[in-house]
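Notes for the one structure printed next.
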Amino acid sequence: MSSPATSAPVQSFLLRHDFLIRRLHSLSGLVPVGAYMTVHLLTNASLVGGADVFQKNVFMIHSLPFLPVIEWVFIFLPIIFHAVAGVWISRNGKSNLQQYRLSGNRRYTWQRITAYIAIVFIFTHVFHLHGWFQNDWWLKNVANPLGMASFRPYNAASSLATALGGFLWPVFYAIGVLATTFHFANGIWTAGITWGVWLTPKSQRRASIACTLFGLFIGAAGLSSLVAAKTTDVSKAAKIENEMYDAGIQLHTITPDDHKRTGGTHVEEPKPEPVQ
């Protein structure tokens, strides 16, 4: 019965800090969320060069120290903040349409539509390939029975190709990639207005062209990775990945981890022969 009263102070706090929330939302969309998305799409696009190129890039990422901390601090938490703040701004914030005279309502509307598509896509994508949480109980009892957490970093190309099997998943990913790349590219343009970088009609037109070209570039990179995954020979890719894994173990460039491999098997590092 007291929910309206208790929610009023929260609502009042958010409205009082509307300017700050908008600025933080805008900034987080550029860095780190947008910057990470660009790197992520370009890394995935390296699959076009073959399973070995893609696996090398994934090995490099997973060699980073404190990777789970990096992921949560610089990727997951900023994405969650950007999504929650974006929904609040969309539902309760004041419209900025008067600032967007060049494209009007349609650009503003599509920014909001793609925002909701991006939220569904990103959280589903993370669940589909990574399972959200790297906890044995969660993976065994929740994610894996639902067919989620299907990506294996040490069998990157083959597990990605398997995860994107069928018809529905590729269509879902294509829509998600196009929505998120439009949202980011258009978000750069609106952020430039928000932060006072381009304010005149002429500068906004130039920025619009540059952001469009950038959006097409990263969108093409994202779609190319889907095509590469769909055309990957799973068995050949797995053979290459396993050979690279075994070589990495012997060279001590990779830390053995069954959870990051398809089937959870690996070749043990050979033991030295006893001295006769």
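Values quoted throughout were computed directly from the atomic coordinates according to the rules given, and no laboratory measurement underlies them. The model shown is predicted, which means the values in this text are computed figures rather than measured ones. No Cβ is skipped: glycine too gets one built from the backbone with ideal geometry, and neighbour counts run over all protein chains shown.
Counted residue by residue at 0.36 nm each, then reduced by the alpha carbon distance between them, the extension gain from Leu213 to Asp246 reaches 7.7 nm. For the chain, the longest principal axis of the Cα atoms and the long axis of helix 234-250 meet at an angle of about 70 degrees.
In plain terms, the residue of Arg112, Arg261 with the fewest other Cβ atoms within 10 Å comes first and the most crowded comes last, giving Arg112, Arg261. Helix 51-62: angle to the longest alpha-carbon principal axis of the chain, degrees 0 to 90, nearest 10? The angle comes out near 70 degrees.
Peptides 64-71, 137-144: what's the order by average Cβ count within 10 Å, highest mean first?
So the order, starting with the most tightly packed, is 137-144, 64-71.
Calculate, for Trp195 and Thr124, the FRET efficiency according to 1/(1 + (r/R0)^6) with r their C-beta to C-beta distance and R0 35 Å; round to the nearest 0.05. About 0.65, to the nearest 0.05. Assuming R0 = 41 Å, can you tell me the calculated FRET efficiency for the pair Val48 and Arg106, based on Cβ-Cβ distance, to the nearest 0.05? Calculated value: 0.80. Remark: for residue pairs Lys56/Lys140; Lys140/Lys239; Lys239/Lys260, the C-alpha separation exceeds 24 Å in Lys56/Lys140; Lys140/Lys239. Karplus-derived 3J(HN,Hα) values for segment 139-144, using 6.51 cos²θ - 1.76 cosθ + 1.60 with θ = phi - 60°, are 5, 6, 9, 10, 5, 5 Hz; glycine and proline are entered as x.
Counting neighbouring beta carbons within 10 Å and listing from fewest to most, the residues Phe54, Phe81 come out as Phe81, Phe54. Computed from the Cβ-Cβ distance with R0 of 35 Å, the FRET efficiency linking Lys239 to Ser90 stands at 0.15. The angle between the Cα long axis of helix 104-130 and the longest principal axis of the Cα atoms of the chain comes to about 20 degrees, rounded to the nearest 10. Inverting the pair-averaged 1/r between distinct Cα atoms of the chain gives 21.0 Å as its Kirkwood hydrodynamic radius.
Computed extension length for Ala174-Ala35: 48.1 nm, one decimal, from 0.36 nm per residue of separation with the Cα-Cα distance subtracted. The order of Val234, Val87, going from fewest to most other C-beta atoms within 10 Å of their C-beta, is Val87, Val234.
Distance between the pseudo-spin-label points of Trp138 and Val69 (7 Å out from Cα toward the beta carbon): 1.9 nm. Amide hydrogen proximity for Arg152: with H placed 1.01 Å from N in the peptide plane, the residues at 5 or more positions away or on another chain lying under 5 Å are Ser159, Leu160.
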